[in-house]
1. Having 3 or more residues that are open to solvent by less than 50 Å² (accessible area, probe 1.4 Å) is the bar; report the strands (runs of 3 or more DSSP E) wholly within region 1-92 that clear it.
2. Of all residues in region 125-165, which are in contact with a Phe, Trp or Tyr (Cβ under 9 Å, 6 or more places away or on another chain) and more than 25 Å from Leu223 (Cα to Cα)?
3. Any residue in region 51-78 that's farther than 18 Å from Asp113 by Cβ: show its pairings with residues that are of a type in the set (Asp, Glu) at Cβ separation under 7 Å, as long as the two are six or more apart or on different chains.
4. Of the residues Ala190, Ala209, Ala219, which single one is under 19 Å from Tyr108 (Cα atoms) and either of a type in the set (Phe, Trp, Tyr) or more than 14 Å from the ligand (Cβ to nearest atom) (or both)?
5. Can you confirm whether region 101-116 contains a residue that is open to solvent by 10 Å² or more (accessible area, probe 1.4 Å), closer than 25 Å to Ser212 by Cα and at pLDDT 95 or above?
6. Filter region 218-231 for residues that are over 16 Å from Ala157 (Cβ atoms) and open to solvent by 10 Å² or more (accessible area, probe 1.4 Å) and give the result.
Amino acid sequence: MNTIFPAPAPIAVPVHGESGLFPVHRIYCVGRNYEEHAKEMGFTGREAPFFFLKPTDALVFVANGETGQMPYPSLTQNLHHEIELVVAIGKGGRDIPASEAMSHVYGYAVGLDMTRRDLQGEMKKQGRPWCIGKGFDHSAPMGPITKAADAGSVEHAEISLDVNGQTRQKSSTEQLMWKIPEIIEHLSAAWELQPGDLIFTGTPEGVAAVKSGDLMVGAVAGLGNLKIQIQ
Ligand code: MN
């Protein structure tokens with residue numbers, strides 16, 4: 001292809017047991033999908049699921065056993081961690097019923113929905129889009145993908161995040177208000193899902209600030225650790 005400047009490199013994530021990479025199409029995120037987190041954000045009860053996106057090139061891949069680096073982002077005094085189970089879509093579709101949704105899942109990973117909470121809060125107050133709070137550069141660290149068949153029971157898995165060796169978030173994916181098949185049903189009603197889409201499924205309670213130098217270790221049982229330090 002003859003382009004007027006070099007086209008951006010494709011974004012792709014390694015998969016356990018595969019030499020080929022998983023090419024990323026879009027990054028969807030589910031808001032307030034654990035009740036105790038909804039409460040800590042000032043909301044109660046089960047709302048209809050809602051979604052936002054992060055730019056694909058916000059992804060920061062960290063291999064198992066390595067420590068990734070995330071630069072402290074601009075414009076914020078309140079950078080929050082949100083540990084999340086990530087669903088990787090292998091087969092696209094629109095209006096996918098929950099009963100068929102799992103056949104569209106390729107695998108799973110551990111991800112962090114990093115959030116400039118002060119900017120998100122300001123945008124919420126003004127009724128403006130969340131992009132500046134959620135979709136900034138380096139805002140989506142994630143680990144390698146584990147294929148669904150090798151991932152065990154991800155909907156009954158412990159999910160946790162430690163900062164500097166202290167546990168900040170600890171819950172179970174059983175606490176997801178909207179389960180993976182329901183998320184896919186709702187999401188595919190709004191957008192046509194494509195192979196390569198990633199879905200960050202929401203975070204449990206315990207979100208809090210990190211600062212320069214902090215080391216985060218996130219985990220979902222069966223999917224390994226995601227280790228990343230704030231620069
Ligand atoms: Mn989140």
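The values are calculated or read from the model by the stated rules, or taken from the named source; none is laboratory data. Worth saying up front: this structure is predicted, and the values here are computed from it rather than measured. Positions of Cβ are backbone-derived with ideal geometry, glycine not excepted, and every protein chain shown enters the neighbour counts. Accessible surface areas use protein heavy atoms only, side chains included; no ligands, DNA or RNA. Shrake-Rupley method; radii C 1.70, N 1.55, O 1.52, S 1.80 Å.
1. Hits in region 1-92: 27-30, 51-54, 83-89.
2. Matches in region 125-165: Pro129, Trp130, Cys131.
3. Between residues of region 51-78 that are farther than 18 Å from Asp113 by Cβ and residues that are of a type in the set (Asp, Glu), the close pairs are Gln77/Asp118.
4. Step by step, each of Ala190, Ala209, Ala219 is checked, and only Ala219 is under 19 Å from Tyr108 (Cα atoms) and either of a type in the set (Phe, Trp, Tyr) or more than 14 Å from the ligand (Cβ to nearest atom) (or both).
5. Checked region 101-116: at least one residue is open to solvent by 10 Å² or more (accessible area, probe 1.4 Å), closer than 25 Å to Ser212 by Cα and at pLDDT 95 or above.
6. Listed by number, the residues that qualify are Lys227, Gln229, Gln231.
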